[in-house]
1. Of all residues in the stretch 188-209, how many are without any contact (Cβ under 8 Å) to a residue 12 or more places away in the chain and of a type in the set (S, T, N, Q)?
2. Please pick out the residue among Lys159, Lys110, Lys174, Lys154 that is within 17 Å of Lys254 (Cβ to Cβ) and of a type outside the set (S, T, N, Q).
3. State whether the residues of the stretch 5-24 include one that is of a type outside the set (S, T, N, Q) and within 9 Å of the ligand (Cβ to nearest atom).
4. Could you figure out which of (1) over 24 Å from Tyr67 (Cα atoms); (2) away from the ligand (no atom under 16 Å from the Cβ) isn't true of Lys192?
5. Tally time: how many residues in the stretch 171-192 are more than 22 Å from Asn203 (Cα to Cα) and not polar (S, T, N, Q)?
6. Starting from residues that are part of a strand (DSSP E or B) and closer than 20 Å to Ile267 by Cβ, keep the ones in the stretch 141-165 and report whichever is nearest to the ligand (Cβ to nearest atom).
7. Determine if the stretch 249-257 includes at least one residue that is surrounded by 16 or more Cβ atoms within 10 Å (Cβ to Cβ), of a type in the set (Val, Ile, Thr), within 25 Å of Phe151 (Cα to Cα) and not assigned by TED's automatic domain parsing to the domain that holds Tyr67.
8. Tell me, yes or no, whether the stretch 199-212 has at least one residue that is within 16 Å of the ligand (Cβ to nearest atom), outside the structural domain of Gln130 (by TED's automatic domain parsing) and not charged (D, E, K, R).
Amino acid sequence: MIIFKSINKLNKEVDFKANIGFVPTMGSLHNGHISLIKSSKTNCKKTLVSIFINPSQFNKKSDLKNYPRNLKKDMMILKKLKVDYLLIPNTKEIYKNNNNKKIKLNKKDKIMCSLYRPGHFEGVLAVINQFLKKIKPTFIFLGEKDYQQLFLIKKFINKNFKVNVFACKTIRDKNKVALSSRNNLLNKYDLKKSSYIAALLLNLRNKLKNNISNKYKIKYISKKINNIKNIKVEYLEIRNKKNLSKNYNKNNFKIFLAYYNKNIRLIDNY
Ligand code: AMP
């Protein structure tokens, strides 16, 4: 595995004419990231993984400070997976120009996480923009776990770059909790609550699949989740998975949840 600490150097030394798969991450790698990497390895000639905790997508300083960091362990995982290239860029190089820190969102995209985390996706799109100006992969691999992020990046890339977006299914632990680097900040007891919440969502999804008029149950489920000790629902919504509108039917809906488990913000979708 070749490690690059500079995106300019990577740009000069890697031949992007080869079929290259790009897996951007913020590190603290888990099986969710690993499934993206494996998809890239199956579908591309070479795989490039980046680890960059992007400051411009954090709307709270404390969240950025507490974000889990495990670079040594991550490098061991990536070496074992025989990843070809690892990029660990620094913030100064990515954001030489202050104007590059945000990409504006359309008004109609200000729903769910973009409403509750102002500036978050603006920062996510900014880093993707900076990466893709220098890196010319054939595919970029993204997870459905962050479904709204996937939706916005796909739209942004289709408009601005010639890169194919490859969406990977959400990987869950055996208790149905969607894997997330932030789960490292929770103890066993907290994770049990997240497991119960995931089961409630799955159950709601099955009910909606049988009969979409069960959608009124969403308020009841939201209350039920909120009543769990130290859990606070930020939003629980049903939307059309193709365009994220509220115009959905039993064949195209998705349930979206954001909640706090103690002080840790988690998202999930089913
Ligand atoms: P992150 O390191 O959290 O920024 O995530 C990097 C990539 O991994 C994003 O495309 C995420 O959607 C994806 N990802 C994170 N967790 C999972 C998961 N549990 N299953 C599948 N993909 C995931």
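The values are calculated or read from the model by the stated rules, or taken from the named source; none is laboratory data. Just so we're clear, the structure is a prediction, and the values are computed from it rather than from any experiment. Note: ideal-geometry Cβ built from the backbone for every residue, glycine included; neighbour counts use all protein chains shown.
1. First, the residues of the stretch 188-209 that are without any contact (Cβ under 8 Å) to a residue 12 or more places away in the chain: 188-189, 203, 206-207.
Keeping just the survivors that are of a type in the set (S, T, N, Q) gives 203, 206.
Of the residues in the stretch 188-209, 2 are without any contact (Cβ under 8 Å) to a residue 12 or more places away in the chain and of a type in the set (S, T, N, Q).
2. Working: Lys159 fails: within 17 Å of Lys254 (Cβ to Cβ); Lys110 fails: within 17 Å of Lys254 (Cβ to Cβ); Lys174 fails: within 17 Å of Lys254 (Cβ to Cβ).
Every option except Lys154 fails the conditions.
3. Step one: of the stretch 5-24, the residues of a type outside the set (S, T, N, Q) are 5, 7, 9-10, 12-18, 20-24.
If we keep only those that are within 9 Å of the ligand (Cβ to nearest atom) as well, we get 23-24.
Checked the stretch 5-24: at least one residue is of a type outside the set (S, T, N, Q) and within 9 Å of the ligand (Cβ to nearest atom).
4. (1)
5. 4
6. If we filter the stretch 141-165 for residues that are part of a strand (DSSP E or B), which is where we start, we get 141-143, 164-165.
Checking the rest, the ones that are also closer than 20 Å to Ile267 by Cβ come to 141-143, 165.
On the way: Phe141: 7, Leu142: 4, Gly143: 2, Val165: 10 Å.
Top of the filtered list is Gly143.
7. Here is the first cut: in the stretch 249-257, the ones surrounded by 16 or more Cβ atoms within 10 Å (Cβ to Cβ) are 253-257.
Adding the requirement that they be of a type in the set (Val, Ile, Thr) leaves 255.
This time we only want the ones that are within 25 Å of Phe151 (Cα to Cα), so: 255.
Filter again for not assigned by TED's automatic domain parsing to the domain that holds Tyr67, leaving 255.
Yes; the residues of the stretch 249-257 include at least one that is surrounded by 16 or more Cβ atoms within 10 Å (Cβ to Cβ), of a type in the set (Val, Ile, Thr), within 25 Å of Phe151 (Cα to Cα) and not assigned by TED's automatic domain parsing to the domain that holds Tyr67.
8. Restricting attention to the stretch 199-212, the residues satisfying the condition of being within 16 Å of the ligand (Cβ to nearest atom) are 201-202.
Keeping just the survivors that are outside the structural domain of Gln130 (by TED's automatic domain parsing) gives 201-202.
Okay, now just the ones that are also not charged (D, E, K, R), so 201-202.
Checked the stretch 199-212: at least one residue is within 16 Å of the ligand (Cβ to nearest atom), outside the structural domain of Gln130 (by TED's automatic domain parsing) and not charged (D, E, K, R).
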